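Read the structure below first, then the notes.
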Amino acid sequence: MSVRSAGDPIVVGVDGSGIALDAVRWAAREAQRRGLPLRIVHACSVLALGRDWLREAAELAGDAGEKECALRIGNARQNLVAESARAAMLVVGWRGLGPGPHVALGSVAQYVAANSRCPVVVVRGRLGGRGQVLTGVHGAADAALAFAFDEADLHGTGVLALRASEGARPAARELTAELRDWRQKYPSVPVTPLLENGNPVARLVEHSGRARLLVLGGRALRAGTLGATSRALIRQASCPVVLVRGTGLPQ
């Protein structure tokens, strides 16, 4: 686990794609709201092209506050993971310029989500809006709940906490117990607990259509691997997805 300071930047990776520019828009707004620096990074072997993409991204970021651009030589995946050691969060588009079917999850997004040392935001779907912060609650997910409540508090919205399972209906008392401490810590954040039967991925995808952000953590994410649940939600969610492993924001 790396040690971070309160002034660590929000890092966003760019590759010249429209999806990467969506990631820049999201990261710039978040950096401005949190009062953090914005660091725009591109890793490549063609320097001239990389400089053009960084210039375009910096212009798009507009008045995000303190910002810097970094052109790194070499593999994008490894460079972004290295950046994550000194970042408050790492933001990437869900796929980039590489070949492949439209529904494929980009190799860079998949790699950094599995290996980052800070929370990773995979930008896709609808950006902004006033929807709630959606999170799946399935035990051992304190880091994800911390991020979800912090984000909801920051943006003046609520938390939609979903527990879904196939077969027996989830127990309300367990969900209530898991949310109790967070409700006390964030008394101004409205909380909507949801207990539903059905496939958790399908239920989260359905509710993501009304959410501003989907936060995943706990058993959904293990160091060095990206499980089937996380991959499916990054491919199918209708809003940006955050993957939290227990480091980084909030302080």
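A few points about this structure:
- In this entry, Gly209 is excluded by the filter for residues that are among the small types (Gly, Ala, Ser) and at pLDDT below 90.
- Selection status of Ala87, aliphatic (A, V, I, L, M), surrounded by 14 or more Cβ atoms within 10 Å (Cβ to Cβ) and modelled with pLDDT under 95: no
- Scope the stretch 50-93; condition assigned to a strand (DSSP E or B) and not aliphatic (A, V, I, L, M); matching residues: Lys67, Glu68, Cys69, Arg72, Gly93
- Qualifying positions in the stretch 225-249 - part of a loop (DSSP other than H, G, I, E, B), within 17 Å of Ile10 (Cβ to Cβ) and either modelled with pLDDT of 90 or more or out of contact with any Ser or Thr (no Cβ under 9 Å at 6 or more places or on another chain) (or both): Pro240, Val244, Leu249
- The criterion of at least 1 residues that are at pLDDT below 95, buried (at least 18 other Cβ atoms within 10 Å of the Cβ) and among the charged types (D, E, K, R) is met by the following strands (runs of 3 or more DSSP E) wholly inside the stretch 94-192: 159-165.
The values are calculated or read from the model by the stated rules, or taken from the named source; none is laboratory data. All of these numbers come straight from a predicted model, not from anything done at the bench. Please note: Cβ atoms are built from the backbone with ideal geometry, for glycine as well, and neighbour counts cover all protein chains shown.
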